[in-house]
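Accompanying notes for the structure given below.
The values are calculated or read from the model by the stated rules, or taken from the named source; none is laboratory data. Note that this is a predicted model, so its numbers are computed, not measured. When we count neighbours, we look across all protein chains shown, and the Cβ atoms used for this are built from the backbone with ideal geometry, even at glycine. Heads up: the accessible areas ignore ligands, DNA and RNA and are worked out on the full protein's heavy atoms, side chains in. Shrake-Rupley method; radii C 1.70, N 1.55, O 1.52, S 1.80 Å.
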Amino acid sequence: MREVGKHVIEQRFANVVKPFVGCHVSELRQVLDRTCAVITGSCALRMLLGSNILANDMNIVVPGGETVPVHLFITQTLEYQQCDTGSPVNDAFKHAVTRMTVFCKGNNVITVSESTLDDPFTVLLCSHTTADMTAMTPGGLVVLYPQWTLNCLAIMNQGALDRSQSHTLGIMRRSRFRLERTTNFLSASCEGICPTLWQKVGGHGRQGLVLDWDERFSIRRIVETSHIEWRLSQYCENTHCPFYAGNNKLSVRLPPKPMPGDLLGIRIQEGLIEHNRPAFKVSYTAVFYGTQATRPYLVRVPVREGREESIDITQLQVMFWVNRVGSDVFMVNTKRGRKTYNPISETNNLAWKYSYTFFREHPSAFPPPNSLIRSLTGSRYNEQGVAGNVLVIKHKRGNKDDIHHCNENDISCVNEIIRSTIETSDFWD
């Protein structure tokens, strides 16, 4: 029975893409797999919801540097012609798309978008609505907001709308979908899918549904290797939600302005963490190097709201101390601006057991130079210096998700790491 069901799903995939690729379905499968590309837009929605969705074009998102095999397949095998109109990339996608190329053959259109990173989700999450955050490979499908999309309901992505002058893309053109600007229609708390809460592509929760029917072309491996986190909005407008500003004046907006840099700033942040509502249930102690501090300090780093049951290092609310988002407050690459060191010391048994992960601020935030690190390293301070605050998390060696509290003994160990590695060119890479 399982094999019969698998065959039916594979046939459905073929029926969705055949209008664009004809008899070259197998070749399409291969080129998508080799480039780790995904199909988005109306084709992915038709795969999910059936023939009631009209697939008027095929959208392919390709990781950075992988467009050549896809372009060659489209132009040489499928015999499409490049038909760019010369119109610029929509503002919502500008920071996520390096190049967008349109190919035409008769009435058929295939659009290929090259991501600025090696992660196609940087493009998908710039979509104007939650329903457009659906993608597929030849063997799997991911729906980032399944409970809404399966019911033909779409919520606007405020991040995309803030960046764009056009509100007519994606699902907004499909009258079958009910479109909502906010989650106020719920008439109840947003809970874990509040638009203000950061969501993790590679995480597991109500915000994501991942289905694989052919592990050879799995989409799960693309999902689980993604380092992208996003949120739909900075502010919740659902009056029933505890994160709605009108109900809760003590919910902290992050990143803080200005960023804490000295002892006074540290005390202010500690007070905000202590009195934040909803209250943080779990927190860890980390080492903080403020740009104006006279010494490193131990500070409290809480776990994000709603994430207490599945804690990993990406769920720490480090933005109380370092601005990780910079100019884009709706999406962050958690792999960027983060580096782990495994200290080795014959005189410190602690160094054999634990590792330290450093978090820095995003360069687009234009943070000031760190005078504390300059004073610690003296003449060894590299020419570029270290800009912005630095936060250091302690965890078990070889397992970043096994987080431990830092103490005063860790400060000397971290200081030594900084002194011994500050001159290396890849210190912050």
Going through (1) in contact (Cβ under 8 Å) with a residue 12 or more places away in the chain; (2) not in a loop (DSSP other than H, G, I, E, B) one by one, GLY65 fails only at (2)
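Given the criteria basic (Lys, Arg) and at pLDDT 90 or above, does ARG206 qualify? Walk me through it before giving the result.
Working: basic (Lys, Arg): yes; at pLDDT 90 or above: no.
Criteria not met by ARG206.
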Check your understanding: Among the residues of region 70-85, is any open to solvent by less than 10 Å² (accessible area, probe 1.4 Å) and either within 28 Å of SER226 (Cα to Cα) or β-branched (Val, Ile, Thr) (or both)?
Key -> yes
The lone condition CYS43 fails out of (1) open to solvent by less than 10 Å² (accessible area, probe 1.4 Å); (2) under 19 Å from THR134 (Cβ atoms); (3) in contact (Cβ under 8 Å) with a residue 40 or more places away in the chain; (4) over 25 Å from the mean Cα position of the chain (by Cα) is (4)
Tell me yes or no: at least one residue of region 120-136 is among the hydroxyl-bearing types (Ser, Thr, Tyr), at pLDDT below 95 and assigned to a loop (DSSP other than H, G, I, E, B). yes
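Can you name the residue in region 294-332 that is assigned to a loop (DSSP other than H, G, I, E, B) and among the aliphatic types (A, V, I, L, M) and, of all such residues, is modelled with the highest pLDDT? Can you show your working first?
Of region 294-332, the ones assigned to a loop (DSSP other than H, G, I, E, B) are 294-296, 304-312, 317, 321-330.
Then drop every residue that is not among the aliphatic types (A, V, I, L, M), which leaves 311, 322, 325, 329.
On the way: ILE311: 72, VAL322: 96, VAL325: 88, VAL329: 85.
Here the answer is VAL322.
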Within region 46-56, the residues that are in a loop (DSSP other than H, G, I, E, B), open to solvent by 30 Å² or more (accessible area, probe 1.4 Å) and either under 13 Å from VAL17 (Cβ atoms) or not aliphatic (A, V, I, L, M) (or both) are SER51, ASN52, ASN56
Flagged in region 279-293 as outside any strand (DSSP E or B), modelled with pLDDT under 95 and touching a helix residue (DSSP H, G or I) at 6+ places or on another chain (Cβ under 9 Å), in numbering order, are PHE280
query = In region 132-141, is there at least one residue being open to solvent by 10 Å² or more (accessible area, probe 1.4 Å) and of a type in the set (Gly, Ala, Ser)?
reply = no
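Do you know which residues across region 377-391 are open to solvent by 20 Å² or more (accessible area, probe 1.4 Å), on the phi < 0 side of the Ramachandran plot and either outside any strand (DSSP E or B) or at pLDDT 95 or above (or both)?
Within region 377-391, SER379, ARG380, TYR381, ASN382, GLU383, GLN384 qualify.
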Scanning region 392-421 for residues that are over 31 Å from the mean Cα position of the chain (by Cα) and surrounded by 17 or more Cβ atoms within 10 Å (Cβ to Cβ) gives CYS413
Q) Would region 16-28 turn up any residue that is more than 21 Å from VAL143 (Cβ to Cβ) and in contact with a strand residue (DSSP E or B) (Cβ under 6 Å, 6 or more places away or on another chain)? A) yes
The condition from (1) part of a helix (DSSP H, G or I); (2) at pLDDT 90 or above; (3) farther than 17 Å from CYS36 by Cβ that ALA92 misses is numbered (2)
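So, of the residues in region 245-270 that are modelled with pLDDT of 85 or more and not in a helix (DSSP H, G or I), which turns out to be nearest to ASP328 (Cα to Cα)?
Of the residues in region 245-270, the ones modelled with pLDDT of 85 or more are 255-270.
Next, from what is left, pick out any that are not in a helix (DSSP H, G or I): 255-262.
Working: PRO255: 11, PRO256: 14, LYS257: 15, PRO258: 17, MET259: 16, PRO260: 20, GLY261: 22, ASP262: 25 Å.
Per the stated criteria, the residue is PRO255.
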Checked pairs for region 361-375, first free of Cβ contacts under 8 Å to residues at least 24 places away in the same chain and farther than 8 Å from GLY388 by Cα, second assigned to a loop (DSSP other than H, G, I, E, B) and hydrophobic (A, V, I, L, M, F, W, C), C-beta under 7 Å and 6 or more apart or across chains, list as none
When region 12-36 is checked residue by residue, the ones that are farther than 23 Å from ILE222 by Cβ, assigned to a helix (DSSP H, G or I) and open to solvent by less than 80 Å² (accessible area, probe 1.4 Å) are PRO19
